[in-house]
Amino acid sequence: MPQLTVQELRALNRAGNPTFSGVYVLRKVAHKTAKNDNAFLSVELGDRTGSFNTTIFGDNPAFPLLKAGAEGAVVRVEGKLDYFQERLSPKLTRLEIVPEAELAAQPDLLGSLVESAPEDAAALWTEFQSHIAAITQPELRSTVQAVFEEIGDTFRTSSAAIAMHHAYRAGLLEHTTHMARAARALLPLYPEIHADLALAGILLHDIGKTIEYETGLAIRKSRRGLLQGHVVLGYQLARKHGLKHKLPADLLERLEHIILSHQGELEWGAAVMAATPEAVFVSMVDNLDAKMGMVQRALRNAGEADEFSEYLPGLKAPVLVRPPQA
C-alpha cells in the first residue's frame, strides 16, 4: 500500500472509502467525552502538505498509546478514507510511533513532515531587516533592533500560531514581513498615523510568540506561554528595551499599547481595545494578513478536483479555491 501525503489523501476518489497508509506528525491530541460519557480522542495529524483531524474511540487499539500523550511524535498509520461534515476525517485502523533511530536514518522523511513558509526564509529575513532600517526615529529603531538581537534566531523559525494562521515553521517571520509590506503601502493614505510608530508596532506586535510557542515537529505552548501569553510577553520585551534605549515616555506608552491591543477584540486575547490611530491601524493590518494567510494556505493545499476548501474556523466559511474563469 503506497504511503500518501495529506494532499494526495485529499485527492483520492471518495467512492468506496479506499484504504491508505501514510507517515505523519502527531500535532495535537485532545481528550474529550461523548454524550454517553465514553472517552474519545480528537487527533490532528499532518505533514508539510497539510493536516487532518480524526477521532479515536476507546475500542481503537491506538487509543491507549495516544492517551498517554505523544504530541510531536512521527506516526505510521493505515486507515480508510472518510469525511465528516465535508471535512477529511479518515478512520484509522492501525497506528504506530516511528522509532527515532528510523527517523535518524531517513533525514528526507523528516523534511517531508515539517510544513514551512512557502517563501524563502533567508530572503524574508533580509527584507525584514530593511523594514527595521526604515524606522527613522533613532530610539524607536534602536528599541526594535535590540529586541531582535535578544531573541536571536528564534524569530526566524517560529510559528505564528498553533492552528489558526501561518501555523508552520517561519510562519511568524512571513506574517510579520507581509504586514510590514502592507503597512508601508497603506501608510501614505493615512497621514494622521505616526509612520515610525506604526511600523515599529507591526514588527514587534507578535514578538511574544517566540516565547509562547515551542516550535518542533509539533507546535505547542511553553510554560510561560500558558501562564502569560504572547501579548504580555511581547509587552515585557518592548518595555525592557524601550527603557534601556531611552525611548521617549509617550512613544513607549503608545508602542506598548499597540502590542497590548493588536488582537483587535478582548475575546480574541487583546488586553485592551485599540485606542490610538497607530493601534487601530496595526490591529486591522494584523487581521487582514491573518485572514489572507488562511486563504493562501487553503489555496496551496487544495486538490486539483476541489472546488471549496474545508470549513475554516478563522473565516467562519470554506474558501472557493478554483480561480475565476476568464
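Laboratory data are not the source of any read-out in this text; all were calculated from the coordinates shown. Note that this is a predicted model, so its numbers are computed, not measured. Reconstructed Cβ throughout: ideal geometry from the backbone, glycine too, with neighbour counts over all protein chains shown.
For the reader, a short list of remarks on this structure follows.
- About the Cα centre, charge dipole magnitude for segment 60-198 (Lys/Arg +1, Asp/Glu -1 at Cβ), debye: 440
- Volume of the convex hull of segment 158-238 (Cα atoms only), normalised per residue: 86 Å³.
- Taking segment 121-299 and dividing mean pair separation by its residue count, relative contact order in percent (alpha carbons under 8 Å, at least six apart): 22
- Relative contact order %, segment 202-326, counting alpha carbon pairs below 8 Å whose residues are six or more apart: 15
- Radius 13 Å from Cβ of Ala146, net charge of other residues (Lys, Arg +1; Asp, Glu -1): +2
- Ordering Leu95, Ala105, Val43 by the projection of their Cα atoms onto the charge dipole of segment 6-113, which places +1 on the Cβ of Lys and Arg and -1 on the Cβ of Asp and Glu, puts Val43 at the extreme positive end.
- The chain, dipole about Cα centre (Lys/Arg Cβ +1, Asp/Glu Cβ -1), debye to the nearest 20: 500
- Each other residue within a Cβ distance under 11 Å of Leu312 adds +1 if Lys or Arg and -1 if Asp or Glu, for a net charge of +3.
- Per the Kirkwood formula applied to alpha carbons, segment 6-113 shows a radius of gyration over Rh ratio, Rg over Rh, of 0.96.
- Summed side-chain charge close to Leu41 - residues other than Leu41 whose Cβ falls under 14 Å, Lys, Arg +1, Asp, Glu -1: +2
- Here Lys32 is the anchor, and the aspartates and glutamates within straight C-alpha reach of less than 17 Å, apart from those fewer than 8 places off in the same chain, are Glu44, Asp59, Glu71.
- Mean Kyte hydropathy of -1.0 or more with a Cα span along the axis of at least 15 Å, helices from DSSP in the chain: 121-133, 138-151, 171-186, 229-244, 249-261, 277-301
- Computed on the Cα atoms alone, the convex hull of segment 50-191 gives a volume of 179 cubic angstrom per residue.
- For segment 1-128, the relative contact order is 23 percent, taking Cα pairs closer than 8 Å that sit 6 or more residues apart in sequence and dividing their mean separation by the residue count.
- Ellipsoid semi-axes in whole angstrom, largest first, where each is sqrt(5λ) of the Cα gyration tensor of segment 238-313: 36, 13, 9
- Max mean-square fluctuation residue, GNM over the chain, Cα-Cα springs under 10 Å, options Lys209, Lys244, Lys291: Lys244
- Sparsely packed chymotrypsin sites (Phe, Trp or Tyr not before Pro) within segment 266-322, loop by DSSP, other Cβ within 10 Å at most 14: Tyr311
- Set of lysines near Lys28 by C-alpha distance (under 24 Å), chain-local residues within fewer than 8 positions excluded: Lys67, Lys80, Lys91, Lys209, Lys221, Lys291, Lys316
- Cleavage-rule hits, GluC sites (Glu not before Pro), segment 158-240, DSSP coil, Cβ neighbours within 10 Å at most 15: Glu192
- Selection among Thr33, Gly216, Leu255 by position relative to the dipole of the chain gives Thr33 as farthest towards the positive end (Cβ unit charges, Cα centre).
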